[in-house]
Amino acid sequence: MSHDHDDRPQLTAAQAAAVLTPPAGRNGGDLVVESLQGLGATTVFGLPGQHALGMFDALRRSSLRYVGLRVENNAGFAADAYGRITGEVAPLLLSTGPGALTSLAALQEAAAASAPVLAISSQIPTAGLGGGRHGYLHELRDQQASVRDIVKSVHTVRSASQIPSAIAAAWESALTAPHGPVWVEIPQDVLLAETTLPVVSAMDATPRELYPRPELTIAAAHLLSNAERPVIIAGGGVVRSDASGKLRALAEKIDAPVVTTFGGKGAFPWEHPLSLRSWLEDRHTTDFLEDADVLLVIGSGLGELSSNYHTFRPRGRVIQIEADAGKLESNHPALGIHSDAREALADLLEAVERREDPAAAERVRTVLEKVRVRIEAQELTLEQQVLAAVREALPDAAPSFWDMTILAYWAWSAFDARRPNTMHSAQGAGGLGYGFPAAIGAAAADPTKPVLAVSGDGGAMYSIAELATARQYDLPLTWLIVDDGGYGILREYMTGAFGETTGTELARPDFVALAESFGVPAVRTSPESLAADLGKALAAPGPSVVVLPALLRMFEPTHL
C-alpha cells in the first residue's frame, strides 16, 4: 500500500540535521516531557521519587511548569481541578509503589467526576517485572492491578521507543468523552537510559467525538415536543462539555423546568424563571420530577445523590443523554442516547418544536416556595447566614472547591454557583481532603482569579502540608476552615443512627497559628464578620486562611 506524503510538512535542512543528530545527554525521561510538550501540556503536577528521577531530571531541560505538592493524593486532587477548570489534560508524575498507591483516592474522584488526569508512574526496573519476588524497593507484584479498576485505560511501556505512542494514546483516552484519568507506567531503567532517538515533535492525539445517533434524536425530540409536563435534569456532563448555553436555549424553547445535580452546579442560571435550582435531596423536588410525563436527563447517571438516595421513581418517559455508556439505564429504564452532552443538545435544539407553557414558571415557584417553608421551619439561620456570607464575598467568576463537610452539603443544594464550571466538590467519590489541594490546581491553571477552598477541620488535617505548596508558588487562594471540633457530618449520622458517637471528636491545632508558621496570613472570624474577612482575604494577593469556629447542622433529610 502506498501513502501520499505530499501534504505533510517538509523538513528544512536545519530541522533534518537536528533530527539526525539529537542533543546529547537525553534519557527516557526527556521522551516523556517532549511527548507532553508535543501534545500541548504546559503544567505538570507531582512528587519525585527514586524510580521517577529520570522524568524529574528531564523537567529541568523542558519548558513545562512543575507544581510539586507534598502528598501524592493531594497532587492528584490538584491535577483533577486543573483538568476540570481548563478542560485540558493534567499530567501527574508519580513514583513507584507507595507513591503510586497514595494517589489512588484522588484518581477515584477524577474518575467519578470525569476529570482528564494523565498519571505517569515509574516502575521497578524491567528485570523485576512479571510478578517475581526480586526484592526491589517499592516492588508490587502487579502495580497496574491496583489502578485498573479506577482509571479509564492503562498503558505500559517496556522500551524508550514506546514512550511517545503510549503517552499519546493515554492523552486521547483521557480527553475522549467521558473525560477521565488514565495511567502510564514506565520502568526506572527505561527512564534513566540515555537515548539517541530524535526529539519528539508535535504529536496528534485528537479525541474521538461522540455524536448521538440521528434516529434517537428524532425520537427524543418527538417526545419532548409533545410532552405536557417536560422537566430537565442537568448533570456534570453539561458543565464538562461546555453546553450550558445550549441547555438554556432548549429549556426556553420547550418551556421545561430545569434542576441541576450537585455535579452540574452552574449549568443553568439560578434565578431563571424555569430554574428548580439544586434541591435534589428534597421530597418536594422529587415529587415534581416524578410527576413529569417526559424527563430529559443530560450528563447524569442519576446516582445516589441525584436520585434523593434512590427514592426517586419516575412515572413518565425518561430520556437519558450520557457519554458513559455504562451509566445508560443503569438506574432507570430510558431512551438511552450515548453521546457527549453538547453534541446531543445541539441536535435536539434543532429537532424539537417550540412548545409554550405559561404555567411552567408558576409550578417552579410553587416547588421552591415549598422547599423554602420546609427549610425555614427547621430554624437553621446560622447555616444560611454562613452560606450567604460566602456567596457575598466570592467574586462571580472565582472558582470554589468544597471538601466533604456540612457547609459543602448545604452548598450542593442551596449555593448559587452563578457561572458554569466554577463550583466543584468531591461528591463524585466522596473522599476527604479534596478542597485545598484542588484549589491549588485551579490557582495554577488561572492565577488571575482568586480561588476559594472550603473544608471542615477534619478534612483540613488531610491537607495541612499543602500550605507549604501554596506559599512556595505564591498562589492566589483562600482556605476557609469551618472548625467544629470533629467530623461534623459523621457526628450527625452516628447520633441519628445510634444515639452516640465513636471516633468523630478530634484534637486539632490552632489553625491560625499553624498557617502563620507556614508564612500564610490567617484570621479567626465569626459568622457576623465572615463576609468582610473572606472578601478581604480573597482580594489580597497570595494564599490566606480564614478560620470560622462554628457548629453547623444539616437540614433534615426527606429520604428516610
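Here are some conditions: (1) part of a loop (DSSP other than H, G, I, E, B); (2) aliphatic (A, V, I, L, M); (3) open to solvent by 20 Å² or more (accessible area, probe 1.4 Å). L101 meets all but one. Which one does it not meet?
That leaves (1) as the condition not met.
Take the residues in the range 122-132 that are assigned to a loop (DSSP other than H, G, I, E, B) and touching a residue at least 60 places away in the same chain (Cβ under 8 Å), then tell me which one is least open to solvent (accessible area, probe 1.4 Å).
Start the filter on the range 122-132 by keeping residues that are assigned to a loop (DSSP other than H, G, I, E, B), which leaves 124-125, 129-132.
Next cut, touching a residue at least 60 places away in the same chain (Cβ under 8 Å) only: 124-125.
Details: I124: 2, P125: 22 Å².
Checked the range 122-132; the qualifying residue least open to solvent (accessible area, probe 1.4 Å) is I124.
Answer yes or no as to whether G299 is under 19 Å from the mean Cα position of the chain (by Cα) and without any contact (Cβ under 8 Å) to a residue 40 or more places away in the chain. Don't jump to the end; show me each part of the working.
Working: under 19 Å from the mean Cα position of the chain (by Cα): yes; without any contact (Cβ under 8 Å) to a residue 40 or more places away in the chain: no.
No.
Would it be correct to say that A453 is crowded, with 24+ Cβ neighbours inside 10 Å, within 16 Å of the chain's Cα centre (by Cα) and within 20 Å of S306 (Cα to Cα)? Full working, then the answer.
Working: crowded, with 24+ Cβ neighbours inside 10 Å: yes; within 16 Å of the chain's Cα centre (by Cα): yes; within 20 Å of S306 (Cα to Cα): no.
No: the conditions fail for A453.
Have a look at L490, L538 and point out the one that is open to solvent by 20 Å² or more (accessible area, probe 1.4 Å) and within 18 Å of G435 (Cβ to Cβ). It would help to see each step written out before you state the result.
On the way: L538 fails: open to solvent by 20 Å² or more (accessible area, probe 1.4 Å).
Only one candidate passes the filter, namely L490.
Could you please give the count of residues in the range 63-95 that are more than 17 Å from the chain's Cα centre (by Cα) and either crowded, with 24+ Cβ neighbours inside 10 Å or modelled with pLDDT under 95 (or both)? Write out each step before concluding.
To start, the set of residues in the range 63-95 that are more than 17 Å from the chain's Cα centre (by Cα) comprises 63-71, 93-95.
So of that shortlist, the ones also either crowded, with 24+ Cβ neighbours inside 10 Å or modelled with pLDDT under 95 (or both) come out as 69, 93-95.
Counting residues in the range 63-95 that are more than 17 Å from the chain's Cα centre (by Cα) and either crowded, with 24+ Cβ neighbours inside 10 Å or modelled with pLDDT under 95 (or both) gives 4.
Go through E356, E376 for me and flag whichever is farther than 27 Å from K246 by Cβ and more than 24 Å from the chain's Cα centre (by Cα).
Matching residue, one of E356, E376: E376.
Can you give me the number of residues within the range 464-523 that are touching a residue at least 40 places away in the same chain (Cβ under 8 Å) and hydroxyl-bearing (S, T, Y)?
3
Check E329, E350 and return the single one that is closer than 18 Å to I254 by Cα and not small (G, A, S).
Working: E329 fails: closer than 18 Å to I254 by Cα.
From the options E329, E350, the qualifying one is E350.
Any idea how many residues of the range 495-522 are open to solvent by 60 Å² or more (accessible area, probe 1.4 Å) and touching a Ser or Thr at 6+ places or on another chain (Cβ under 9 Å)?
Final tally of qualifying residues: 2.
Just need a number here: residues in the range 44-64 that are free of Cβ contacts under 8 Å to residues at least 60 places away in the same chain and not acidic (D, E). Give the steps one after another, and end with the answer.
Of the residues in the range 44-64, the ones free of Cβ contacts under 8 Å to residues at least 60 places away in the same chain are 44, 46-48, 56-64.
If we keep only those that are not acidic (D, E) too, we end up with 44, 46-48, 56, 58-64.
The number of residues fulfilling the criteria is 12.
Working only within the range 392-408, note down all residues that are open to solvent by 30 Å² or more (accessible area, probe 1.4 Å) and assigned to a helix (DSSP H, G or I). Show your work before the answer.
Restricting attention to the range 392-408, the residues satisfying the condition of being open to solvent by 30 Å² or more (accessible area, probe 1.4 Å) are 392, 395-397, 404.
If the condition is that a residue be open to solvent by 30 Å² or more (accessible area, probe 1.4 Å) and assigned to a helix (DSSP H, G or I), then E392 is the only one that fits.
Looking at S526, is it open to solvent by less than 50 Å² (accessible area, probe 1.4 Å) and touching a Phe, Trp or Tyr at 6+ places or on another chain (Cβ under 8 Å)? Break it down stepwise before answering.
Details: open to solvent by less than 50 Å² (accessible area, probe 1.4 Å): yes; touching a Phe, Trp or Tyr at 6+ places or on another chain (Cβ under 8 Å): no.
So S526 fails the test.
Quick check: anything in the range 233-248 in contact (Cβ under 8 Å) with a residue 40 or more places away in the chain, among the small types (G, A, S) and closer than 18 Å to D357 by Cα? Spell out the reasoning first.
Let us first name the residues in the range 233-248 that are in contact (Cβ under 8 Å) with a residue 40 or more places away in the chain, namely 233-244, 246-247.
If we keep only those that are among the small types (G, A, S) as well, we get 234-237, 241, 243-244.
Next cut, closer than 18 Å to D357 by Cα only: none.
Among the residues of the range 233-248, not one is in contact (Cβ under 8 Å) with a residue 40 or more places away in the chain, among the small types (G, A, S) and closer than 18 Å to D357 by Cα, which makes the answer no.
Does the range 257-264 contain any residue that is open to solvent by 10 Å² or more (accessible area, probe 1.4 Å), small (G, A, S), closer than 27 Å to T311 by Cα and in a loop (DSSP other than H, G, I, E, B)?
Yes, the range 257-264 has at least one match.
Scan Q427, Q472 and give me the residue that is out of contact with any helix residue (DSSP H, G or I) (no Cβ under 8 Å at 6 or more places or on another chain) and polar (S, T, N, Q). First the steps, then the outcome.
Working: Q427 fails: out of contact with any helix residue (DSSP H, G or I) (no Cβ under 8 Å at 6 or more places or on another chain).
Every option except Q472 fails the conditions.
Check whether at least one residue in the range 464-480 is crowded, with 18+ Cβ neighbours inside 10 Å, small (G, A, S) and under 17 Å from Y409 (Cβ atoms), and report yes or no.
no
The values are calculated or read from the model by the stated rules, or taken from the named source; none is laboratory data. Only a predicted model underlies this, so the values are computations on that prediction, with no experimental measurement involved. Glycine gets a Cβ as well: all are built from the backbone with ideal geometry, and neighbour counts include every protein chain shown. Note: areas computed on protein heavy atoms with side chains; ligands, DNA, RNA excluded. Shrake-Rupley method; radii C 1.70, N 1.55, O 1.52, S 1.80 Å.
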